[in-house]
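The values are calculated or read from the model by the stated rules, or taken from the named source; none is laboratory data. In this text, all values refer to a predicted model and were calculated from it rather than measured experimentally. Using ideal geometry, Cβ is built from the backbone for each residue, glycine included, and neighbour counts are taken over all protein chains shown. Just the protein is used for accessible areas: all its heavy atoms, side chains included, with ligands, DNA and RNA removed. Shrake-Rupley method; radii C 1.70, N 1.55, O 1.52, S 1.80 Å.
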Amino acid sequence: MDTVGQQLIIAAIPGLPALVFFVLALFGRYIKEGAQYVAILGVTISLVFSGFALYFVATGEPIDFAVNWIDLGGGGAFPMGVYIDGLAAVMLVVVCFVSLMVQLYSGAFMEGDKRFAWYYAVINLFTASMLGLVLAPNFIELYFFWELVGLCSYLLIGHWFEKPSARDAAQKAFIVTRVGDAALFIAIIIFWAKTGTTSFQGISEAAQAGFIGGSLFTAAVVLVFVGAIGKSAQFPLHVWLPDAMEGPTPVSALIHAATMVAAGVYLVARTYDIFVQSETAMLTVAYIGGFTALMAATMALVKKDIKRVVAYSTVSQLGYMMLGLGVGAYSAGMFHLYNHAFFKALLFLCAGSIIYAMNSYNLVEMGGLRRRMPITFWTMVVAGISLAGIFPFSGFWSKDAIVASTFEEHYYVLFGMALLTVFLTAFYIFRAIFMAFMGEARTQGAREAVESPGIMTGPMLILAVLSVVSGLVGTPVADYFADFVRPSEFAVETLGVEPHEFSIPLAVVSVAVAILGIGLAYALYARQPERAAALARRFSGLHTFLDKGWYFDALYGATFVRGARALGRLVREFDRTALGGLVGGVGRGALGTGGFLQRLQTGGAQNYALFILLSVLIIGVIVGAQYAFLVVAIIALITIAAFAVGSRL
């Protein structure tokens, strides 16, 4: 295919979902329920074109082209373009595929929603924004789509804005992620000021050449990572993601699997040649990722809301990915992002299937659904096994690669944290499965639940198959993924990290730890659930601590939120008293002066003459003493003349 045809195909990948957005935003009220067909057609074509892009890169060289967007003359230019290597090609396919599954599923889940067409419009803008972000070859272009992704998440989380909780969650997500966005913007300014470019490759080369370095370079790279922390909900900016569950469940699947939160991990991977030049930044990525993985896993242990269990799971798994990137396991980290997209989307769709059947999020109100909803049960078991990292499911291959890398690169503290997270992950996901599906139905809703319609279970079955087989492209026998999505030679040389061979002992330990977690969950929540309740009462303080999310929300509420409100009140009072008083005083002074001058307008010539006399006296003082006699004489003449005229009148 010629270059022009190739460029048109690439441009259509984000272009078609964007076009669907405009069509549905303008004509959705007329199309109504047909909006889903327009949306699905657009994303399907984008998926096909993404397959072509994957083929182009697999059989040739990376695709790279750009045009000048803003030309600053001698000051440089801001280009808009496309860069597709193995990493970007895989991400394009994953984003389009997961978006397609979510949009198919949404047809039934969102049926009857009064903003049905608007929902599909925003989901397609969300997809287009993420695709544009993936294609971006520079920070300016990436930042444009980065903000669009944040806007779309705000609109989708708050889709049911009639609910105060949905409005608050959307606002919280928007504000918290803005912290990271501001940090990223500052980093872009630093890079532009010191290197004269915003291109990822250009900044990397400038740093290698010494145009920027030392503490300033490290600070800029860490600020980029803070931007990634915001989008990918890593500690300490993780607090928005669990509350984002207030949005429609299909939206949660898209946000957690392939778009919003994946953007932060993708940013670090996309700028990896910059990150590897700062050892401090790499260690920050690794330890923040490792801590986040463990912390979020502990929070998921006690949650009763099925969506929040899966949400904290996302935070934890994103921590795994950051951990992999931070220790130099680039391919393993991105391999986990690829596998995670399928089994995490499936987990949310399974949760949505239960909610659709019962109209409840509460695990305590479920039970006995295995017989009522067999497809949902078995697909969720598949997703849970993959998340837990049990051989040979897809999650095993990527999770094991990350855990093994931490050990073989001698990050033993991180290895211990990762292994403990494996145990907790297996425990909390199967705790949710056992509570929802095993035992007897605990409410009338659970007793009357029926399996979801085929338009919902179809995407779930497809994702279940992928949750089993997607990892086969990264096995020791045929590690196609690591060959296709790999760091640059510069990154490999800088880090001094070589790909590790598959370690059977470490794999056995990892799987054994996961099985132990599943076994404990079965013992506590399937065999003897009363024991779990007794433990919760016995360790009520710890249970409350975990249930409250380590009190991060309370801490931020007592400091930043309360501080912001106090500052707002202070500014309001300053505006009312100081500024308002000043403006009001000027107004009152003008009115008073006008009133005084009005009284002076008597119509009497004698008064006017007196004013003239006073004015001349003032002028005399200003002019100076050397002209005193002349001034006095003139004043006398003017005064005599004034009184003469006045007497005649």
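Screening residue 404 with (1) under 22 Å from residue 315 (Cβ atoms); (2) in a helix (DSSP H, G or I) gives one miss only, at (1). Considering 204, 278, 232, the condition of being under 20 Å from residue 320 (Cα atoms) and of a type in the set (S, T, N, Q) is satisfied by 232 alone.
Note on the stretch 575-633: among residues that are assigned to a helix (DSSP H, G or I), modelled with pLDDT of 65 or more and hydroxyl-bearing (Ser, Thr, Tyr), the one that is surrounded by the most Cβ atoms within 10 Å (Cβ to Cβ) is 608. All conditions but one from (1) in contact with a Lys or Arg (Cβ under 8 Å, 6 or more places away or on another chain); (2) open to solvent by 60 Å² or more (accessible area, probe 1.4 Å); (3) in a helix (DSSP H, G or I) apply to residue 446; the one that does not is (2). Scanning the stretch 158-167 for any residue that is part of a helix (DSSP H, G or I) and among the aromatic types (Phe, Trp, Tyr) turns up nothing.
Say whether the condition of being within 18 Å of the chain's Cα centre (by Cα), open to solvent by 10 Å² or more (accessible area, probe 1.4 Å) and more than 30 Å from residue 407 (Cα to Cα) is met by at least one residue in the stretch 323-344. Scanning the stretch 323-344 turns up no residue that is within 18 Å of the chain's Cα centre (by Cα), open to solvent by 10 Å² or more (accessible area, probe 1.4 Å) and more than 30 Å from residue 407 (Cα to Cα).
Is at least one residue of the stretch 39-54 in contact with a strand residue (DSSP E or B) (Cβ under 6 Å, 6 or more places away or on another chain), in a helix (DSSP H, G or I) and surrounded by 18 or more Cβ atoms within 10 Å (Cβ to Cβ)? Looking for residues that are in contact with a strand residue (DSSP E or B) (Cβ under 6 Å, 6 or more places away or on another chain), in a helix (DSSP H, G or I) and surrounded by 18 or more Cβ atoms within 10 Å (Cβ to Cβ), one finds at least one in the stretch 39-54, hence yes. Candidates are the residues of the stretch 218-229 that are open to solvent by less than 10 Å² (accessible area, probe 1.4 Å) and out of contact with any Gly (no Cβ under 7 Å at 6 or more places or on another chain); the one that is farthest from residue 326 (Cα to Cα) is 220.
Could you tell me whether any residue of the stretch 301-310 is on the phi > 0 side of the Ramachandran plot and over 20 Å from the mean Cα position of the chain (by Cα)?
no
Applying the set (1) free of Cβ contacts under 8 Å to residues at least 60 places away in the same chain; (2) assigned to a loop (DSSP other than H, G, I, E, B); (3) closer than 16 Å to residue 519 by Cα; (4) not polar (S, T, N, Q) to residue 381 leaves exactly one unmet item: (2).
Just a yes or no: is a residue in the stretch 455-476 of a type in the set (Gly, Ala, Ser) and either over 20 Å from residue 386 (Cβ atoms) or open to solvent by 40 Å² or more (accessible area, probe 1.4 Å) (or both)? Steps first, answer last, please.
So the first thing to find is which residues in the stretch 455-476 are of a type in the set (Gly, Ala, Ser), and the list is 458, 464, 467, 470-471, 474.
Cutting the leftovers down to either over 20 Å from residue 386 (Cβ atoms) or open to solvent by 40 Å² or more (accessible area, probe 1.4 Å) (or both) gives us none.
Looking for residues that are of a type in the set (Gly, Ala, Ser) and either over 20 Å from residue 386 (Cβ atoms) or open to solvent by 40 Å² or more (accessible area, probe 1.4 Å) (or both), one finds none in the stretch 455-476, hence no.
In the stretch 296-316, the residues that are polar (S, T, N, Q) reach residues that are open to solvent by 10 Å² or more (accessible area, probe 1.4 Å) with C-beta atoms within less than 6 angstrom, at least six apart or across chains, in these pairs: 298/546. Residue 259 - would you say it is in contact (Cβ under 8 Å) with a residue 40 or more places away in the chain, farther than 24 Å from residue 212 by Cβ and among the hydroxyl-bearing types (Ser, Thr, Tyr)? Criteria met by residue 259. When the criteria are applied in full, residue 367 fails the requirement of being open to solvent by less than 10 Å² (accessible area, probe 1.4 Å), in a helix (DSSP H, G or I) and small (Gly, Ala, Ser).
Can you spot a residue in the stretch 520-529 that is over 20 Å from residue 436 (Cβ atoms), out of contact with any Leu (no Cβ under 9 Å at 6 or more places or on another chain), open to solvent by less than 70 Å² (accessible area, probe 1.4 Å) and not basic (Lys, Arg)?
Checked the stretch 520-529: no residue is over 20 Å from residue 436 (Cβ atoms), out of contact with any Leu (no Cβ under 9 Å at 6 or more places or on another chain), open to solvent by less than 70 Å² (accessible area, probe 1.4 Å) and not basic (Lys, Arg).
Of the residues making up the stretch 477-496, those that are assigned to a helix (DSSP H, G or I) and open to solvent by less than 40 Å² (accessible area, probe 1.4 Å) are 481, 482, 491.
Among the residues of the stretch 407-422, those identified as open to solvent by 40 Å² or more (accessible area, probe 1.4 Å) and assigned to a helix (DSSP H, G or I) are 407, 408, 412, 413, 420.
Taking the stretch 231-256 as the range and being farther than 17 Å from residue 350 by Cα and assigned to a loop (DSSP other than H, G, I, E, B) as the test, the residues that pass are 232, 233, 234, 235, 236, 237, 238, 239. In the stretch 101-116, of all residues being crowded, with 24+ Cβ neighbours inside 10 Å and not aromatic (Phe, Trp, Tyr), the one that is nearest to the chain's Cα centre (by Cα) corresponds to 102. Is at least one residue of the stretch 66-85 in a helix (DSSP H, G or I), open to solvent by less than 50 Å² (accessible area, probe 1.4 Å) and aromatic (Phe, Trp, Tyr)? So far as the stretch 66-85 goes, no, none of its residues is in a helix (DSSP H, G or I), open to solvent by less than 50 Å² (accessible area, probe 1.4 Å) and aromatic (Phe, Trp, Tyr). Within the stretch 530-540, being assigned to a helix (DSSP H, G or I) and open to solvent by 50 Å² or more (accessible area, probe 1.4 Å) holds for 530, 531, 535, 537, 538, 540. Annotation: of all residues in the stretch 428-443 being more than 27 Å from the chain's Cα centre (by Cα) and either in a helix (DSSP H, G or I) or among the hydroxyl-bearing types (Ser, Thr, Tyr) (or both), the one that is modelled with the lowest pLDDT is 443. Screening residue 438 on (1) in contact with a strand residue (DSSP E or B) (Cβ under 9 Å, 6 or more places away or on another chain); (2) of a type in the set (A, V, I, L, M); (3) over 24 Å from residue 495 (Cβ atoms) shows it passes everything except condition (1).
Based on this model, can you work out whether residue 507 counts as of a type in the set (A, V, I, L, M), open to solvent by less than 70 Å² (accessible area, probe 1.4 Å) and at pLDDT 90 or above? For residue 507, the condition - of a type in the set (A, V, I, L, M), open to solvent by less than 70 Å² (accessible area, probe 1.4 Å) and at pLDDT 90 or above - is met. So which residues in the stretch 195-205 are in contact with a helix residue (DSSP H, G or I) (Cβ under 7 Å, 6 or more places away or on another chain) and open to solvent by 10 Å² or more (accessible area, probe 1.4 Å), if there are any at all? Listed by number, the residues that qualify are 195, 197, 200, 202. Report yes if residue 167 is open to solvent by 40 Å² or more (accessible area, probe 1.4 Å), more than 30 Å from residue 108 (Cβ to Cβ) and of a type outside the set (Asp, Glu), otherwise no. Considered against the rule, which asks whether it is open to solvent by 40 Å² or more (accessible area, probe 1.4 Å), more than 30 Å from residue 108 (Cβ to Cβ) and of a type outside the set (Asp, Glu), residue 167 comes out as no.
Given the condition open to solvent by 10 Å² or more (accessible area, probe 1.4 Å), more than 29 Å from the chain's Cα centre (by Cα) and among the aliphatic types (A, V, I, L, M), answer yes or no: does some residue in the stretch 394-405 qualify? Looking for residues that are open to solvent by 10 Å² or more (accessible area, probe 1.4 Å), more than 29 Å from the chain's Cα centre (by Cα) and among the aliphatic types (A, V, I, L, M), one finds none in the stretch 394-405, hence no. Which of the residues that make up the stretch 257-268 are in a loop (DSSP other than H, G, I, E, B) and either open to solvent by 10 Å² or more (accessible area, probe 1.4 Å) or β-branched (Val, Ile, Thr) (or both)? Matches in the stretch 257-268: 259 only.
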